[in-house]
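Here's the structure, in structure tokens; my notes come after.
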Amino acid sequence: MFYPVSAFIAYRYAKSSKSSQTSFVSFINRFSVAGIALGLMALIIVVSVMNGLEGQLKQRVLGIVPHIEITKTPTTTSNEITKTPTTTSKDSTLTKTPIVNKQTQKLTETPTSTVSKPTISEDDGSKLTKTPTVSPQSQSSVTLNALNKTPIKGVVASMAYRETEAVVQSRSDLRGVQVHGVEPGVMLEHTLVANHMEQGRFNDLVEGSFSAIIGRALAIKLDARVGDRLRVMVAGASVYTPFGRMPSQRLVTIVGVFDMGSQMDDKVMYMNLKDVNRLMRDPKGDGQTLRLFLNDAFNYLAVVDHLTDTMGVSVSNIRTWRERQGPLFDAVKMEKNMMTLMLLLIIAVAAFNIVSALVMVVTEKQGDIAVLQTQGMLPGTVMWIFVLNGLFNGIKGAGIGLILGVVITLQLNNILDLIGSPLALAADGSGLPVEMDAVQIAGIALLSLLLCVLASVYPARKAMKIAPSQALQNE
């Protein structure tokens, strides 16, 4: 098989056999390959575990927190042009302004009396002129019902929603919680909480029954179980009585318990939306909002841009999950990036060991390089010999590290069990969550190869500048 002479010679050098190189150069070559392999293997394992932990947080926390919430006051603005027939005179003007309403298409006349400056007309009498005037920007409300019926890319479902803070009292304890008023049917189909129910289901939240679903952690703290009754007190709907200001309160019955393994399990209580409206002394639901369920909670910015740019919803009327849980995911992302950078530096240190090995090879092979140049080999070809030599070493190290990293990552929980230190961090308690991203792993491997090529540039340029006359004179 034919291939370039530079690749042929570089491949022979990269084999690092003791017959072609000294034992010390061969040792440095093997050491650099081993360093690249270990660094890449460690990076694949750490990144996969960090991806798994981030996915678990996304499932546990964002499965409870609303992805996007829209309040009931989104508005858009539009310009309306009206024609104003005016009767002018020297002293006063009687103006009749027909106003055209765009939505109802009804014509209304509003007589107004205004004082104007004297005007000059062709005759002494009054003159009827039509003056098109632009009215100020008027606001037309965008109802939540209209938004609920409009399909939006990235949104899998939406529902009327209400959230309030309350105090829950049991026979043994008192806790502050967030009461979520939801539609049971939508929650049953489009939320992860419905898949992590230990007892009961969302269909048990029947309107008018004042029933509730709580987290397992909250049930333990309140020493409550299914069938027990809790007193829910909401200070935001308090009223004044002869005994002072009294919060709105109701006795609710526990009909279900969920367990997401999240930090939100002891802070959330689910109730039927109609019951929460009655608890808030708002039976018509004027304080309701619209909750959107996204296909991917991390792609919330695209949905927000669509709502603001296309549908005219004000940014101040949109609340996303980042307002509550953004710092947590930012901390996880920063830790993941720092671990990746640290392990990339380890790979870089191993890759730059190639510099030492190639410099020694160039010094040792000066005579051979001079002979090749006297036989007509171009300096660029000589440079490519050592660049490809470093690339071949990088391919060996990256290949070994890639195979070891993938295999160890797939068997990581079994290895932890074997050495007697299992970690049950997954939602189901099965072990350490692992999530491998093929694109991410391929990018890491290519970056390792790029570092090896960059480390080979200096020795290759040094070999290219060798003068044949001086090299052969020293032989």
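Matching residues to (1) in a helix (DSSP H, G or I); (2) surrounded by 13 or more Cβ atoms within 10 Å (Cβ to Cβ):
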| site | (1), (2) |
| --- | --- |
| Phe298 | yes, yes |
| Leu301 | yes, no |
| Asp305 | yes, no |
| Thr308 | yes, yes |
| Met311 | no, yes |
| Glu323 | yes, no |
| Phe329 | yes, yes |
| Lys333 | yes, no |
| Lys336 | yes, yes |
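Pairs please, first residue from the stretch 218-232 and within 14 Å of Val268 (Cα to Cα) and hydrophobic (A, V, I, L, M, F, W, C), second anywhere and in a loop (DSSP other than H, G, I, E, B) and open to solvent by 90 Å² or more (accessible area, probe 1.4 Å), Cβ atoms under 7 Å, 6+ apart in sequence or on different chains.
Ala219/Arg225
Name the pairs whose Cβ atoms lie under 7 Å apart, with the first residue in the stretch 296-307 and within 16 Å of Val65 (Cβ to Cβ), the second open to solvent by 30 Å² or more (accessible area, probe 1.4 Å) and part of a helix (DSSP H, G or I), and 6 or more positions between them or separate chains?
Between residues of the stretch 296-307 that are within 16 Å of Val65 (Cβ to Cβ) and residues that are open to solvent by 30 Å² or more (accessible area, probe 1.4 Å) and part of a helix (DSSP H, G or I), the close pairs are Ala297/Lys58.
Could you list all residues from the stretch 220-256 that are assigned to a strand (DSSP E or B), among the β-branched types (Val, Ile, Thr), open to solvent by 10 Å² or more (accessible area, probe 1.4 Å) and modelled with pLDDT of 90 or more?
Within the stretch 220-256, Thr253, Val255 meet the criteria.
With crowded, with 18+ Cβ neighbours inside 10 Å, touching a Phe, Trp or Tyr at 6+ places or on another chain (Cβ under 7 Å) and not in a helix (DSSP H, G or I) as the only criterion, which of Ala166, Ala212, Ala194, Ala157 stands out?
That would be Ala212, the only listed residue that is crowded, with 18+ Cβ neighbours inside 10 Å, touching a Phe, Trp or Tyr at 6+ places or on another chain (Cβ under 7 Å) and not in a helix (DSSP H, G or I).
Given Met264, Met269, which one is part of a strand (DSSP E or B) and not small (Gly, Ala, Ser)?
The conditions single out Met269.
Conditions (1) surrounded by 23 or more Cβ atoms within 10 Å (Cβ to Cβ); (2) without any contact (Cβ under 8 Å) to a residue 40 or more places away in the chain, marked per residue:
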position	(1), (2)
Ala370	no, no
Gln373	no, no
Leu378	no, yes
Thr381	no, no
Asn389	yes, no
Phe392	no, no
Ile400	no, no
Gly405	yes, no
Leu412	no, no
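Do any helices (runs of 4 or more DSSP H) lying entirely in the stretch 357-475 carry at least 3 residues that are at pLDDT below 80, and which ones are they?
Fully inside the stretch 357-475 and qualifying: 366-374, 468-474.
Pull out all pairs, ordered by first then second residue, where Cβ-Cβ is under 8 Å, the residues are six or more apart or on different chains, the first lies in the stretch 161-174 and is among the aromatic types (Phe, Trp, Tyr), and the second is open to solvent by 20 Å² or more (accessible area, probe 1.4 Å) and at pLDDT below 90.
Between residues of the stretch 161-174 that are among the aromatic types (Phe, Trp, Tyr) and residues that are open to solvent by 20 Å² or more (accessible area, probe 1.4 Å) and at pLDDT below 90, the close pairs are Tyr161/Gln288.
The values are calculated or read from the model by the stated rules, or taken from the named source; none is laboratory data. All of these numbers come straight from a predicted model, not from anything done at the bench. Using ideal geometry, Cβ is built from the backbone for each residue, glycine included, and neighbour counts are taken over all protein chains shown. Accessible surface is based on the protein model in full, side chains and every heavy atom, while ligands, DNA and RNA are left aside. Shrake-Rupley method; radii C 1.70, N 1.55, O 1.52, S 1.80 Å.
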